[in-house]
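Here's the structure, in structure tokens; my notes come after.
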Amino acid sequence: MPTVLVTGGAGYVGSHCCKAFARNGWDVVIYDNLSRGWRDLVRWGPLIEGDLNDTEALKRALSETKPQAVAHFAAFASVGESIHKPELYYHINVAGTLSLLEAMRLTGVGQLLFSSSCATFGIHDAPIVEATPQNPINPYGASKLFGERMIRDFSAAYGLRAVILRYFNAAGADAELETGERNFHDPRVIPQAIRGAMEGGFTFTINGRDFDTRDGTAVRDYVHVTDLADAHLRALGWLGQGKPTEAFNLGTGAGASILELANAVEKVSGRKVERKFGPRREGDPPSLVANPEKAERLLGWKPAHSDIENIIRTAWAWAEQERARA
Ligand SMILES: NC(=O)c1ccc[n+]([C@@H]2O[C@H](COP(=O)([O-])OP(=O)(O)OC[C@H]3O[C@@H](n4cnc5c(N)ncnc54)[C@H](O)[C@@H]3O)[C@@H](O)[C@H]2O)c1
């Protein structure tokens, strides 16, 4: 079986993709320093504990495992943190990605999947296509855009072939609850809204009610992590067929506002979401919605699990399991 080396495979999106890869004919090896990942979510292949910035360790891992492709998820991924500690984002997301590209070049591994983000685009009203200008408004988005740029330059110079996948908002959990989101560092909006319904005494804060959107709260395009995993599988297939470096926006094309999310949590759970309004967060655009037409046309990708109620149902079930575990 071909091997895929997965950086960041102990994290949220990476672990779901490891499961999909392992279920679909790939040997999976995870490379992660566990700084924000979880040993018990490493379930679909062996873990090599190592840092992205350690190019020698990466070269050793690549030489020993001889992967056909690398799937690169390892990164820090919090917009707010990136504004206050930009050095972390340039060190890990930019220098770390350069370290990986160097290790791949020096060991002759020529296929790459890269987790990029809608945060590379900045502020746009209309659904975002791949050709929409990328003007990030925070260091996280900038760090991901640098990653994309380096990948394109390595593709041109060294024949690397890569698929850049720009997720809008990853959400939900594995249907069998073998993995899920466990981001205690900077909990995202759906886990917070769920807490607001599940935990007495916790109030869900909605940041900003004066955005220029249908109900004044921020609109985002939530895509189920299982659908993201399917896109990664298809992207591996794309590279396996010898196709060139390409970028795809992964979203549903339909956004949900934060208020709509909170209402969906109430509908799914039958419980009230304790909520209050707070100020806008720095660097938060009003609306970010993908136009996923290119991924459908070229990869045959169509989100099948991303209706908001299914997203909340799986995230709720995972949160309940996590509570029972604690
Ligand atoms: N979650 C989202 O909504 C979202 C949206 C767009 C893009 N992304 C991108 O997807 C990728 C995965 O995001 P996630 O939400 O799963 O994050 P996560 O924090 O759950 O996972 C990141 C993983 O990378 C590992 N890691 C971090 N720094 C490392 C280093 N220096 N060396 C080795 N391993 C390191 C962490 O331990 C963790 O396991 C990231 O690249 C992120 O930028 C995520």
Among (1) of a type in the set (Phe, Trp, Tyr); (2) within 25 Å of Pro187 (Cα to Cα); (3) part of a helix (DSSP H, G or I) - the single one Tyr31 does not satisfy | (3)
Kindly indicate whether any position in segment 191-205 is outside any loop (DSSP other than H, G, I, E, B), more than 16 Å from the ligand (Cβ to nearest atom) and under 30 Å from Pro244 (Cα atoms).
-> no
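Would you point out which residue out of Gly159, Gly108, Gly122, Gly96 is without any contact (Cβ under 8 Å) to a residue 12 or more places away in the chain, in the same structural domain as Glu246 (by TED's automatic domain parsing) and out of contact with any helix residue (DSSP H, G or I) (no Cβ under 6 Å at 6 or more places or on another chain)? Talk me through it step by step, then tell me what you get.
Working: Gly159 fails: without any contact (Cβ under 8 Å) to a residue 12 or more places away in the chain; Gly122 fails: without any contact (Cβ under 8 Å) to a residue 12 or more places away in the chain; Gly96 fails: without any contact (Cβ under 8 Å) to a residue 12 or more places away in the chain.
Checking each option against the conditions leaves just Gly108.
Looking only at residues in segment 170-179 that are surrounded by fewer than 22 Cβ atoms within 10 Å (Cβ to Cβ) and within 16 Å of the ligand (Cβ to nearest atom), which one is farthest from the chain's Cα centre (by Cα)? Walk me through how you get there before you give the answer.
Here is the first cut: in segment 170-179, the ones surrounded by fewer than 22 Cβ atoms within 10 Å (Cβ to Cβ) are 174-178.
Still in the list and also within 16 Å of the ligand (Cβ to nearest atom): 174, 178.
Details: Asp174: 14, Glu178: 18 Å.
Among residues in segment 170-179 that are surrounded by fewer than 22 Cβ atoms within 10 Å (Cβ to Cβ) and within 16 Å of the ligand (Cβ to nearest atom), the one farthest from the chain's Cα centre (by Cα) is Glu178.
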Residue match in segment 100-110 (condition: at pLDDT 95 or above and touching a Gly at 6+ places or on another chain (Cβ under 6 Å)) | no
Can you tell me which residue within segment 39-72, out of those that are small (Gly, Ala, Ser) and part of a loop (DSSP other than H, G, I, E, B), is nearest to Leu88 (Cα to Cα)?
-> Gly50
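Looking at Arg188, Arg166, Arg161, Arg149 in this structure, which one is within 13 Å of the ligand (Cβ to nearest atom) and either surrounded by fewer than 22 Cβ atoms within 10 Å (Cβ to Cβ) or hydroxyl-bearing (Ser, Thr, Tyr) (or both)? If you could, list the steps in order and put the result at the bottom.
Working: Arg166 fails: either surrounded by fewer than 22 Cβ atoms within 10 Å (Cβ to Cβ) or hydroxyl-bearing (Ser, Thr, Tyr) (or both); Arg161 fails: within 13 Å of the ligand (Cβ to nearest atom); Arg149 fails: within 13 Å of the ligand (Cβ to nearest atom).
Being within 13 Å of the ligand (Cβ to nearest atom) and either surrounded by fewer than 22 Cβ atoms within 10 Å (Cβ to Cβ) or hydroxyl-bearing (Ser, Thr, Tyr) (or both) holds for just one of Arg188, Arg166, Arg161, Arg149, which is Arg188.
Can you say whether Tyr140 is under 19 Å from Ala229 (Cα atoms), within 11 Å of the ligand (Cβ to nearest atom) and in the same structural domain as Cys17 (by TED's automatic domain parsing), as far as the supplied structure shows?
Working: under 19 Å from Ala229 (Cα atoms): no; within 11 Å of the ligand (Cβ to nearest atom): yes; in the same structural domain as Cys17 (by TED's automatic domain parsing): yes.
Judged against the criteria, Tyr140 is not a match.
The values are calculated or read from the model by the stated rules, or taken from the named source; none is laboratory data. The model shown is predicted, which means the values in this text are computed figures rather than measured ones. Positions of Cβ are generated from backbone atoms using ideal geometry, with glycine treated the same way; all protein chains shown enter the neighbour counts.
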